[in-house]
1. Among residues belonging to the range 220-237 that are among the small types (Gly, Ala, Ser) and closer than 18 Å to Pro288 by Cβ, point out the one that is surrounded by the most Cβ atoms within 10 Å (Cβ to Cβ).
2. Let me spell it out: the conditions are (1) open to solvent by less than 40 Å² (accessible area, probe 1.4 Å); (2) in a helix (DSSP H, G or I); (3) modelled with pLDDT of 80 or more, and Asn464 meets all of them except one. Which number is the exception?
3. Would you mention how many residues in the range 317-337 are surrounded by fewer than 24 Cβ atoms within 10 Å (Cβ to Cβ) and either of a type in the set (A, V, I, L, M, F, W, C) or part of a helix (DSSP H, G or I) (or both)?
4. From Lys601, Lys610, Lys649, which residue is open to solvent by 100 Å² or more (accessible area, probe 1.4 Å) and over 30 Å from Glu457 (Cβ atoms)?
5. Considering only the range 366-447, give the helices (runs of 4 or more DSSP H) lying wholly within it that have at least 3 residues that are closer than 23 Å to Thr544 by Cβ and at pLDDT 90 or above.
6. Report whether or not Ala32 is surrounded by 12 or more Cβ atoms within 10 Å (Cβ to Cβ), without any contact (Cβ under 8 Å) to a residue 40 or more places away in the chain and out of contact with any strand residue (DSSP E or B) (no Cβ under 7 Å at 6 or more places or on another chain).
7. Exactly one condition in (1) surrounded by 16 or more Cβ atoms within 10 Å (Cβ to Cβ); (2) modelled with pLDDT under 80 is not met by Thr453; state its number.
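The values are calculated or read from the model by the stated rules, or taken from the named source; none is laboratory data. From a predicted model like this one, the values you see are computed outputs, not experimental measurements. As a convention, Cβ positions derive from the backbone with ideal geometry for all residues, glycine included, and neighbour counts pool all protein chains shown. Surface accessibility is based on the protein's heavy atoms, side chains included, excluding ligands, DNA and RNA. Shrake-Rupley method; radii C 1.70, N 1.55, O 1.52, S 1.80 Å.
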Amino acid sequence: MEPIYQYAWLIPVLPLLGAMIVGLGLISFSKATSHLRTLSSVFIVSLVGAAMVLSFALLWSQFHGHEPYIQMIEWAAAGDFHLSMGYTIDHLTALMLVIVTTVAFLVMVYTDGYMAHDPGYVRFYAYLSLFSSSMLGLVVSPNLVQVYVFWELVGMCSYLLIGFWYERKAAADACQKAFVTNRVGDFGLLLGILGLYWATRSFDFDVIGDRLPQLVESGAVSGWLAALFAVLVFLGPVAKSAQVPLHVWLPDAMEGPTPISALIHAATMVAAGVFLIARAFPIFEEIPAAMTIIAWTGAVTAFVGATTAITQNDIKKGLAYSTMSQLGYMVMAMGVGSYTAGMFHLMTHAYFKAMLFLGSGSVIHGMEAVVGHDPAYAQDMRLMGGLRKYMPITALTFLIGTLAICGIPPFAGFWSKDEILGSTFEVSPLLWMIGWLTAGITAFYMFRMYFSTFEGEFRAKNANVIEKIRTEQLQSLGLAFGPGAMNPKELTMDVAHGHGSDHDHEHSAHDHPHSEFPHESPLAMTLPLMILAVPSALIGLVGTPFANYFEDFIHPPGESFSLAEAAEHFDLPEFLIMGGSSVGIALIGITLASLMYLRGKIDPAAISDKIPAFYQLSKNKWYFDNIYEVLFVRGSRRLARQVLEVDYKVVDGVVNLTGLVTLLTGEGLKYFENGRAQFYALVVFVAVLGLVIFSGVT
């Protein structure tokens with residue numbers, strides 16, 4: 001099996017090669033390359049498929065006991081400074097390679113159907129391939145410097161993909177917001193990397209993990225300084241994995257095409273943060289203060305994400321807040337030391353969340369045939385309902401993903417989430433309580449989403465709903481002052497002809513609805529959904545507490561795990577109590593959702609009227625965007641204006657004064673340059689006389 005490891009560098013290079021060839025074609029022969037749609041997509045998908053096959057081969061080899069493999073070359077040297085680059089293949093890397101390549105491959109297959117009519121079809125595939133390559137390069141990186149290089153490449157690709165339809169202002173703003181927010185976290189990560197190198201003289205994870213505790217014990221590095229370095233490194237994952245308070249970019253990222261929403265929010269960009277915590281776990285686990293901060297950040301993020309999702313009407317934004325909440329679970333698990341549980345949930349979440357996002361894309365694709373291509377209508381769940389009979393495959397796969405994320409056994413999410421909650425309870429019952437309540441809220445908002453979308457009656461032609469949505473749009477722009485701002489008939493006609501506030505760039509030639517009801521998506525879109533439904537339902541069985549094959553394969557560095565001993569010490573009553581409590585709270589959430597959105601026994605509007613403060617808190621996303629608007633956006637503008645005033649009055653004033661002095665002195669001196677010898681002699685005489693008088697006085 002050794003040749004497989006020697007050629008493992010091909011895994012990130014193959015997608016990079018595809019992106020480079022297609023990208024050069026778009027730059028050099030734009031029109032011709034754009035017309036080679038099928039050839040370009042088949043070429044890129046084939047390269048990613050080859051990377052996926054090689055990834056599975058490495059996982060198989062690692063599962064059967066092959067030693068971790070490291071290939072390094074010296075990249076730079078100066079004095080005693082040596083920087084090496086290369087790649088490492090171990091259990092964690094092999095698992096992540098398989099997750100990223102499988103999801104990327106299925107997303108690319110799905111893209112062929114979803115982006116079929118988009119003029120940027122080939123460019124989108126080039127971006128997807130570059131994005132996949134960047135994430136795969138990050139996964140195989142053996143040290144912090146190489147991680148940082150690919151970390152920034154992932155950020156750059158996300159900027160390109162979120163703003164893919166850059167002609168839409170919302171997309172352009174969203175990609176800028178994601179870029180700026182992630183720069184905040186990345187700056188902290190860079191400072192942390194430099195601080196750790198200053199303390200340990202190394203960029204290698206294991207070396208830093210060994211040396212840093214020794215330096216703290218010897219007093220060479222203070223404990224608070226080591227904790228500061230660890231927290232600075234953690235700022236990178238806070239931004240990438242959308243943890244509070246740097247989570248605000250994630251919902252806005254929904255402005256990108258749905259396939260990239262699935263890729264970003266399932267297996268790549270947001271997973272990169274959790275992966276970095278796992279890779280740097282030897283550093284974090286020796287610093288209790290850092291672990292506490294990580295755990296509480298994850299818990300708060302899980303709760304804030306879930307409580308925000310319950311009032312979202314945009315199906316993609318609801319899933320975005322759901323992703324944020326589930327990432328909070330993973331980070332919380334890492335913070336309480338449950339390395340395996342965090343990675344297990346990352347794996348299960350990658351598959352069922354990718355399926356949910358692709359399912360939402362299928363729903364949007366069907367809705368666009370009825371209401372047009374304005375996202376305000378095609379993505380609003382208030383205009384959906386009853387889609388199960390029109391889109392049965394999408395509905396069934398979405399239901400499987402919903403059951404998985406809600407933690408209903410035997411679906412995948414139950415086993416990973418239950419392991420996180422069980423591990424958290426052993427460390428902090430308060431953290432467990434937050435996670436437990438969040439599990440109930442998760443079940444409520446996910447089944448709210450499912451019932452609103454797939455059950456009940458189809459509401460796309462409901463004039464009252466259309467009027468409400470349109471009024472909300474106008475009020476957000478300051479153009480409406482009440483529900484009667486526009487005539488409902490005008491609104492209905494407006495939607496019927498696809499005239500929304502913003503038309504998606506890719507549908508410029510297909511802006512008019514052409515169907516009375518939605519229809520099932522083509523096979524290119526439904527096939528990935530059906531494939532992803534299998535791991536969403538069954539992959540959790542590899543990590544059951546009584547036969548935890550996942551933990552046998554993935555466990556913290558430097559620790560051992562015995563499958564036989566774990567099975568022997570399995571506590572069935574404890575499992576039934578902990579598992580039963582998490583399933584119980586999920587069932588309560590599902591019951592409430594069914595009473596509100598399926599049977600209509602409870603009126604959600606009546607509840608929101610009784611608790612307006614909490615409703616507005618959730619509806620306004622905990623006011624994070626409002627606070628940042630005041631503090632940072634407007635604050636930066638005020639600071640810029642003040643700097644401009646200083647520049648205008650002080651800097652320009654000094655420069656202008658210098659010019660004025662030069663002008664005046666020049667004007668005065670020109671009278672001394674008249675070309676007359678007698679005048680020059682007089683000047684010399686006066687100067688000499690002055691010197692004589694001055695010397696006599698002194």
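1. Of the range 220-237, the ones among the small types (Gly, Ala, Ser) are 220, 222-223, 226-227, 230, 236.
Pick out the ones that are also closer than 18 Å to Pro288 by Cβ and you get 222-223, 226-227, 230.
On the way: Ser222: 11, Gly223: 14, Ala226: 23, Ala227: 18, Ala230: 25.
By that ranking, first place goes to Ala230.
2. For Asn464, the failing item is (1).
3. From the range 317-337, those surrounded by fewer than 24 Cβ atoms within 10 Å (Cβ to Cβ) are 317, 337; that's our starting set.
Cutting the leftovers down to either of a type in the set (A, V, I, L, M, F, W, C) or part of a helix (DSSP H, G or I) (or both) gives us 317.
Qualifying residue count for the region: 1.
4. So the residue among Lys601, Lys610, Lys649 that is open to solvent by 100 Å² or more (accessible area, probe 1.4 Å) and over 30 Å from Glu457 (Cβ atoms) is Lys649.
5. Per the criteria, 392-406, 412-427.
6. Values: surrounded by 12 or more Cβ atoms within 10 Å (Cβ to Cβ): no; without any contact (Cβ under 8 Å) to a residue 40 or more places away in the chain: yes; out of contact with any strand residue (DSSP E or B) (no Cβ under 7 Å at 6 or more places or on another chain): yes.
When the stated conditions are applied, Ala32 does not pass them.
7. (2) is the only condition that Thr453 fails.
Listed here are the residues, each with its yes/no results for (1) surrounded by fewer than 24 Cβ atoms within 10 Å (Cβ to Cβ); (2) of a type in the set (Phe, Trp, Tyr).
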residue	(1), (2)
His345	no, no
Lys353	no, no
Gly359	no, no
Tyr377	no, yes
Gly386	yes, no
Ile393	yes, no
Leu396	yes, no
